[in-house]
Amino acid sequence: MTGCSPSDGDTVQRSTPAASRLTTVPFAPSTTSKTPADTDYLGMLISASDLTDADDTFTEQSSESQPNGSPGASAFFVNGEDNRAIVDTFVIYADAATATATLKEAVATLPTLVKGGTPTALAVGTDGVMISGTYPNQDKAVTLVFFTEGTALVRLEFQSATGDATTDQFVTSVAKMQQIALRVGLARPR
């Protein structure tokens with residue numbers, strides 16, 4: 001993998017922040033959020049420094065408040081060698097029950113989004129789930145993580161070269177950091 005540009009055939013998928021690819025998470029459930037539409041949730045996202053370790057240095061390529069017009073936030077990170085990407089997106093729902101119901105809808109679609117993997121429980125947040133494999137139509141490794149934290153539904157996407165999947169340990173660590181950031185952020189008065 002040599003770069004993250006869309007023209008490279010074997011590279012990390014780059015697009016607008018994750019919101020455009022979150023079709024697996026219905027953003028408009030029958031119950032809408034009572035959270036003010038102008039609330040900025042970007043401060044509840046993990047940062048590039050949270051992702052950086054001895055093996056990789058990540059930078060934030062883009063971020064978005066209100067993904068798809070829904071309360072929440074999204075960020076897109078790429079490593080220094082431009083061969084790994086992480087998309088972090090969360091949406092805030094009116095209540096935890098709606099977030100959980102939406103999570104269950106999303107989990108049901110995972111086998112169609114990731115080839116060669118089976119959803120497994122992940123001890124992060126409430127009802128955490130992870131699946132690793134490849135994209136059905138692309139030559140890329142992908143790991144998807146979904147969980148809820150209170151009224152928030154989180155989707156993390158880890159992209160890399162086929163055969164060089166992101167380790168479960170790193171995925172779990174990143175998911176736990178996002179869970180903590182939301183738990184602390186959502187407890188603050190707005």
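Suppose we filter Val78, Val91, Val87 for residues that are in contact with a Cys (Cβ under 8 Å, 6 or more places away or on another chain) and either farther than 24 Å from Lys176 by Cβ or modelled with pLDDT of 95 or more (or both); which single one remains?
Working: Val91 fails: in contact with a Cys (Cβ under 8 Å, 6 or more places away or on another chain); Val87 fails: in contact with a Cys (Cβ under 8 Å, 6 or more places away or on another chain).
When all the criteria are applied, what remains is Val78.
If we keep just the residues of the range 107-140 that are over 25 Å from Met177 (Cβ atoms) and free of Cβ contacts under 8 Å to residues at least 12 places away in the same chain, which is surrounded by the most Cβ atoms within 10 Å (Cβ to Cβ)?
Result: Ala108.
Just one of the numbered conditions (1) touching a helix residue (DSSP H, G or I) at 6+ places or on another chain (Cβ under 6 Å); (2) small (Gly, Ala, Ser); (3) modelled with pLDDT of 95 or more is not true of Ala121; which one?
(1)
Scan the range 37-61 for residues that are over 17 Å from Asn79 (Cβ atoms), not in a loop (DSSP other than H, G, I, E, B) and not hydrophobic (A, V, I, L, M, F, W, C) and jot them down.
Across the range 37-61, the qualifying residue is only Gly43.
Out of Ser33, Ser65, report the one residue that is modelled with pLDDT under 95, among the small types (Gly, Ala, Ser) and surrounded by 19 or more Cβ atoms within 10 Å (Cβ to Cβ).
Numbers: Ser65 fails: surrounded by 19 or more Cβ atoms within 10 Å (Cβ to Cβ).
Only one candidate passes the filter, namely Ser33.
Could you list all residues from the range 166-190 that are in contact with a strand residue (DSSP E or B) (Cβ under 7 Å, 6 or more places away or on another chain) and surrounded by 15 or more Cβ atoms within 10 Å (Cβ to Cβ)? Lay out the reasoning, then the answer.
We begin by selecting, within the range 166-190, every residue in contact with a strand residue (DSSP E or B) (Cβ under 7 Å, 6 or more places away or on another chain); these are 166, 171, 174-175, 178-179, 182-183, 186.
Answer for the range 166-190, where residues must be in contact with a strand residue (DSSP E or B) (Cβ under 7 Å, 6 or more places away or on another chain) and surrounded by 15 or more Cβ atoms within 10 Å (Cβ to Cβ): Thr166, Val171, Val174, Ala175, Gln178, Gln179, Leu182, Leu186.
May I ask you to verify whether Thr100 is assigned to a helix (DSSP H, G or I), modelled with pLDDT under 95, among the β-branched types (Val, Ile, Thr) and farther than 21 Å from Ile46 by Cβ? Please lay out each step first, then the result.
Numbers: assigned to a helix (DSSP H, G or I): yes; modelled with pLDDT under 95: no; among the β-branched types (Val, Ile, Thr): yes; farther than 21 Å from Ile46 by Cβ: yes.
The answer is no for Thr100.
Starting from residues that are in contact with a helix residue (DSSP H, G or I) (Cβ under 6 Å, 6 or more places away or on another chain) and at pLDDT 95 or above, keep the ones in the range 159-190 and report whichever is nearest to Ala85 (Cα to Cα).
At the first step, the residues of the range 159-190 found to be in contact with a helix residue (DSSP H, G or I) (Cβ under 6 Å, 6 or more places away or on another chain) are 177, 181-182, 185.
With the extra rule that they be at pLDDT 95 or above, the set shrinks to 177, 181-182.
Values: Met177: 17, Ala181: 20, Leu182: 21 Å.
Taking the candidates together, the pick is Met177.
The values are calculated or read from the model by the stated rules, or taken from the named source; none is laboratory data. Note that the structure is predicted; figures quoted are calculated from it, not measured. Backbone-built Cβ (ideal geometry, glycine too); neighbour counts: all protein chains shown.
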